Amino acid sequence: MKKVLICVLLLFLTFTVETFADHPGGTGIGLDLRYSVTGGWGPALSLKLPPVPVYWGVGLGIDKNWFGLNVSGDYYFIDKPLVPQINLGWYLGGGGYIGLWIWKDSYHPSWAKDDTLDMALTLGARIPIGLSWQPQDFLEVFVDVAPSLGLWIIPLRFPDWDINFDLGVRFWI
């Protein structure tokens, strides 16, 4: 129970700390390719809506034996220029995720230890760190890595860990 309380507290702190913004202040919409250590390759949608300072991601994991849907929200604590001459910046943030995973009865990934499991609901915290290049005001290319730690809500298990790698393009309007 203490671990759950710590995760909830970290999520609360993530969304209440002041940020140092370098990204544009408008709406950002993008697509990226995401690799998850536990879920493999899949497409993701990236979204940033004003005035909320949260970068949203909706990712899919699709395989012939399973399906996964993951929603994340990240708040950048640090968002600073790295090489201002070429509009290259870096960011470090904190956020949370929720995921739903469904398997065929005959398939279970190595991290699902229960042979009867065919669905999992996960919740946790993540720490994205990445590079952001803006060759034009309306265009951003980004790459990041986001280690995460959480728990399975259904069935209840701890820990649920992962590392996401993202490469994407975001358009600012």
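Of the residues screened, residue 89 is not one that is at pLDDT 95 or above, in contact with a Phe, Trp or Tyr (Cβ under 7 Å, 6 or more places away or on another chain) and closer than 26 Å to residue 53 by Cβ. What do you reckon, is residue 63 of a type in the set (D, E, K, R), within 16 Å of the chain's Cα centre (by Cα) and surrounded by 15 or more Cβ atoms within 10 Å (Cβ to Cβ)? So residue 63 fails the test.
Residues in segment 92-136 that are of a type in the set (Phe, Trp, Tyr) and more than 23 Å from residue 71 (Cβ to Cβ) were compared, and the one that is modelled with the lowest pLDDT is 107. From the list 40, 68, the lone residue that is surrounded by 15 or more Cβ atoms within 10 Å (Cβ to Cβ) and either more than 12 Å from the chain's Cα centre (by Cα) or in contact (Cβ under 8 Å) with a residue 24 or more places away in the chain (or both) is 68. Can you tell me which residue in segment 137-160 is modelled with the lowest pLDDT, limited to those that are over 23 Å from residue 88 (Cβ atoms) and exposed (fewer than 14 other Cβ atoms within 10 Å of the Cβ)? Of everything passing the filter in segment 137-160, 155 is modelled with the lowest pLDDT. Among the residues of segment 1-34, those that are at pLDDT 50 or above and buried (at least 17 other Cβ atoms within 10 Å of the Cβ) comprise 22, 23, 28, 30, 32, 34. If the condition is being within 18 Å of residue 96 (Cβ to Cβ) and either surrounded by 19 or more Cβ atoms within 10 Å (Cβ to Cβ) or touching a residue at least 24 places away in the same chain (Cβ under 8 Å) (or both), then segment 43-60 contributes 44, 46, 48, 53, 54, 55, 57, 59. Taken over segment 122-136, the criterion of being of a type outside the set (Phe, Trp, Tyr), part of a strand (DSSP E or B) and surrounded by 14 or more Cβ atoms within 10 Å (Cβ to Cβ) is satisfied by 122, 123, 124, 125, 126, 129, 130, 131, 132, 134. Of all residue pairs spaced 6 or more apart or on separate chains, those with beta-carbon atoms under 8 Å, a first member in segment 82-97 that is over 14 Å from residue 57 (Cα atoms) and without any contact (Cβ under 8 Å) to a residue 40 or more places away in the chain and a second member that is part of a strand (DSSP E or B) and aromatic (Phe, Trp, Tyr) are 92/76; 92/77. Applying the set (1) within 16 Å of residue 92 (Cβ to Cβ); (2) in contact with an Asp or Glu (Cβ under 9 Å, 6 or more places away or on another chain) to residue 75 leaves exactly one unmet item: (2). Scanning segment 139-158 for residues that are without any contact (Cβ under 8 Å) to a residue 40 or more places away in the chain and either of a type outside the set (Lys, Arg) or farther than 18 Å from residue 102 by Cβ (or both) returns 139, 141, 143, 145, 147, 152, 153, 154, 156.
The values are calculated or read from the model by the stated rules, or taken from the named source; none is laboratory data. Note that the structure is a prediction, hence the values are computed from the model and not measured. Virtual Cβ from ideal backbone geometry, glycine too; neighbours counted across all protein chains shown.
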